[in-house]
Amino acid sequence: MSPDLSGLLNLHDIEQAAREVLPPAAFAYYTGGANDEHTLRENREGYARLKLRPRMLVDVSQIDTSATVLGLPLAFPVGVAPCAMHGLVHPDAEVATARAAASVGSLMTLSTMSHRTIEEVSEAVGGPFWFQLYLYKDREVSRALVQRAEAAGARALVLTVDAPVLGRREAILRTPVHIAPGTVLPNIGPRVPGSEHLDDLQYFDSLLDPALTWNDVGWLRGVTGLPMVLKGLLTAEDAALAAEHGCHIWASNHGGRQLDTAVTALDALPEIAQAAGGRAEIYLDGGIFRGTDVIKALALGASAVFLARPVLYGLALAGEAGARRTLELLRDEVRLGMALCGKTRVRDLGPELIWR
């Protein structure tokens, strides 16, 4: 029997409930940030500092939260960001997360470092999904993953560009996650010698290519015809280069887990939007816990936002039902926030909504 989730009224409640049920090492793995965690905190706190300018005497009896990303219809402008190893919190792992996202009209972005195969997750979704990719030192591993994702029905590739090396995540170092011998990360296991026996997260660092450049983005575009999204951009300069390379933009600081004191995606969003100049869609993650957070990001130029940690907390509590509860709560908050702002359609959320 699934636990009663009705008493969990918001994503903060879900996080606290997950803290009580998850092993300390697993909770630390998902919640921890880099170094002193300044950026991790700023990701959340920055939204509260932005104030909204609501309009009054507007008919808000009908609210339309629908949106599109790369032509894909969403019931509301929120997707699931890529996050490694959902099996650390629930045995159904990414399959449950994918089903939850599909059930509410959201979008699943599957991590390369998942516990379930691309094919299993595709079957669970029964529709469109995105696939997140790292470019490894062995490019043939990456090429094979891209081909599998295409064959399984992925509708876009999300290339993570902010992790040429892993950041120093001290919370994880203090309470390390040791992956049990025999654990397989199936999307890379068959192609990477030794990956069938992972002892700790240092293995991941050994796969990453610190020599990654814009030339490699061009190489990847030659490998696939799928739309490409570059995840981890935080400056106008890189946003302009992404658009020039025909890529879309995912503003992110990797959940505060890479460069501590890096600018937040929210603060970077205005300059990114200006530099992109309508040539690319823009997405954002980092610190999303309220419907008003979503509204503020969209008002500043994002087409949609993505989140991972709160969905994983819900997954830990009740599998698919818990992940769905997280997304439903956020969806309902977006609808309420739009009504209270006097906005009835997502496309009407613009910079005039933000108080300066």
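The values are calculated or read from the model by the stated rules, or taken from the named source; none is laboratory data. Small disclaimer: the values here were computed from a predicted structure and weren't measured. For neighbour counting, all protein chains shown are included, and Cβ atoms are generated from backbone atoms with ideal geometry for every residue, glycine included.
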- Residues located in the range 288-314, provided they are outside any helix (DSSP H, G or I) and under 12 Å from A67 (Cβ atoms): A302, S303, A304, V305
- Among all residue pairs at least 6 apart or on different chains, which show Cβ distances below 8 Å where the first residue, located in the range 205-230, is more than 19 Å from S252 (Cα to Cα) and the second is among the β-branched types (V, I, T) and in a loop (DSSP other than H, G, I, E, B)? D205/V165; L207/I188; L207/V192
- Item | Lone unmet requirement of (1) of a type outside the set (D, E); (2) at positive phi; (3) touching a strand residue (DSSP E or B) at 6+ places or on another chain (Cβ under 6 Å) for G71 | (3)
- Note on the structure: Of the conditions (1) assigned to a helix (DSSP H, G or I); (2) at pLDDT 95 or above; (3) farther than 21 Å from F306 by Cβ; (4) in contact with a helix residue (DSSP H, G or I) (Cβ under 9 Å, 6 or more places away or on another chain), the single one that G46 does not satisfy is (3)
- Cβ-Cβ below 6 Å, separation at least six or inter-chain, first residue in the range 141-158 and under 20 Å from P73 (Cβ atoms), second in a strand (DSSP E or B) and of a type in the set (K, R): which pairs? V158/K231
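Only one of A308, A304, A323 is in contact (Cβ under 8 Å) with a residue 60 or more places away in the chain, under 28 Å from S111 (Cα atoms) and in contact with a Ser or Thr (Cβ under 6 Å, 6 or more places away or on another chain). Can you tell me which?
The unique qualifying residue is A323.
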- Message: When the residues of the range 203-219 are narrowed to those that are aliphatic (A, V, I, L, M) and at pLDDT below 95, which ends up nearest to D238 (Cα to Cα)?
- Response: L212
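How many of the residues in the range 123-136 are over 17 Å from the mean Cα position of the chain (by Cα) and over 22 Å from P310 (Cα atoms)?
Qualifying residue count, the range 123-136: 5.
For the range 53-66, check the following and say yes or no: at least one residue is part of a loop (DSSP other than H, G, I, E, B), in contact with a Lys or Arg (Cβ under 6 Å, 6 or more places away or on another chain), surrounded by 19 or more Cβ atoms within 10 Å (Cβ to Cβ) and of a type in the set (V, I, T).
Looking only at the range 53-66, we keep the residues that are part of a loop (DSSP other than H, G, I, E, B), and these are 53-63, 65-66.
Checking which are in contact with a Lys or Arg (Cβ under 6 Å, 6 or more places away or on another chain) leaves us with 63, 65.
Now narrow it down to the ones that are surrounded by 19 or more Cβ atoms within 10 Å (Cβ to Cβ): 65.
If we keep only those that are of a type in the set (V, I, T) too, we end up with 65.
Checking the range 53-66: at least one residue is part of a loop (DSSP other than H, G, I, E, B), in contact with a Lys or Arg (Cβ under 6 Å, 6 or more places away or on another chain), surrounded by 19 or more Cβ atoms within 10 Å (Cβ to Cβ) and of a type in the set (V, I, T).
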